[in-house]
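Comments concern the structure below.
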Amino acid sequence: MNLQNAVFVRSAADRTSFPADGIPQAAFAGRSNVGKSSVLNRVLNRKKMAYVGSTPGKTVHVNYFLIDNRFYLVDLPGYGYAQVSKQERQRWARLMEDYFSSDQLTLGVLIVDARHKPTAQDQEMAAFFAASGKPWVVVANKLDKLKAREVEPNLALIRQTLSLGEDVTLIPFSALKGTGRDQLVSAILNTVGSEP
Ligand code: GDP
C-alpha cells in the first residue's frame, strides 16, 4: 500500500456528510497541540497534508482522506482548546456521538502527550473508542521530550488514567524523530487491510 497516496475527500460538519460507503476508516483523535497533524504526516510520510476549507481549531469538522483508494484516514476534530464556548464544546460532543453512532469506524487511534497525565477530555475520547467495540490503539506522542527514566512511569500513568485493557496497545511515539511509526503503521494496515 502506498500511504503517500493521500487524497483529501471531504470535511464533514454533520452526520449527513459522513461517507457511509463501507470503506474501512482509521480515525485519529487528540487534544489540540498534541501533535495530531505531525503524527498523521509522519504516518503518511508527508510534509503537509492538503486541507481544504475549514480553519483548524475554529470550526468543528471531521476530515476524510482516502489513502491509496483502500481506506479513509479520518481526522476527528481536536479538543481542549482554551477559548471555546460551551456551545462549541457541545457541538464537538454531538459530532463525536454522531460519528461513533454511524458505526463506520474500523480502527481508533487516540493520541495523547507522553509527558502528561491524560486530561478529562482525553478520558472522554477514550470512552468513545472503548464503547465502539472496535479495535483501538493509544499513541503517546512527544516521547523525545522525556528523560529515559520517565518513560515507563509515564506510560503506566497513561494506561491507568485511560483504564486501558490488555487488548489496547500503547505505542510510544515521536512524530519528530519517527519513533513508533512502524508499529502504528502495522496496527493500521493489519486492521484496515484485513477487510475487503
Ligand atoms: P495538532 O494541533 O495536534 O495538530 O499539533 P501539531 O502537529 O500542529 O503540533 C503541535 C506542536 O507540537 C508543534 O509545534 C509541533 O512541532 C510539536 N510536535 C508535534 N509532535 C512532536 C513530537 O513528537 N516531538 C516534539 N518535540 N514536538 C512535537
Distance (nanometres) between label positions extended 7 Å along Cα→Cβ at GLN90 and ARG149: 4.9
With the cut-off at 1.5 for a/c, could you classify region 59-103 from its C-alpha gyration tensor as rounded, prolate or oblate? oblate
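Taking the mean number of other Cβ atoms within 10 Å as a proxy for protection, how do you rank 97-103, 24-30, 123-129 from highest to lowest?
Working: 97-103: 14.6, 24-30: 23.7, 123-129: 18.6.
Top to bottom by mean Cβ count within 10 Å: 24-30, 123-129, 97-103.
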At 222 nm, what value in deg cm²/dmol follows for the chain if DSSP H runs of at least 4 each add -39500 (n - 2.57) and the sum is divided by all its residues, to the nearest 500? -10500 deg cm²/dmol
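Quick check: from the Cα gyration tensor, does the chain come out rounded (a/c under 1.5), prolate or oblate?
Numbers: a/c = 1.42, a/b = 1.18, b/c = 1.20.
Rounded, since a/c falls under 1.5.
For ASP14 and SER32 in one chain, what is 0.36 nm times their gap in residues minus the Cα-Cα distance, to one decimal in nm?
Values: separation 18, 0.36 × 18 = 6.48 nm, distance 2.02 nm.
Additional length available on full extension: 4.5 nm.
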Among SER37, VAL185, ASN5, whose Cα sits farthest toward the positive end of the charge dipole of the chain (+1 at Cβ of Lys/Arg, -1 at Cβ of Asp/Glu, about the Cα centre)? SER37
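Taken together, the values in this text are just the output of simple stated rules run on the coordinates, not laboratory data. Since this is a predicted model, take the numbers as computed values, not measurements. All Cβ positions, even for glycine, are placed from backbone atoms using ideal geometry, and neighbour counts span all protein chains on display.
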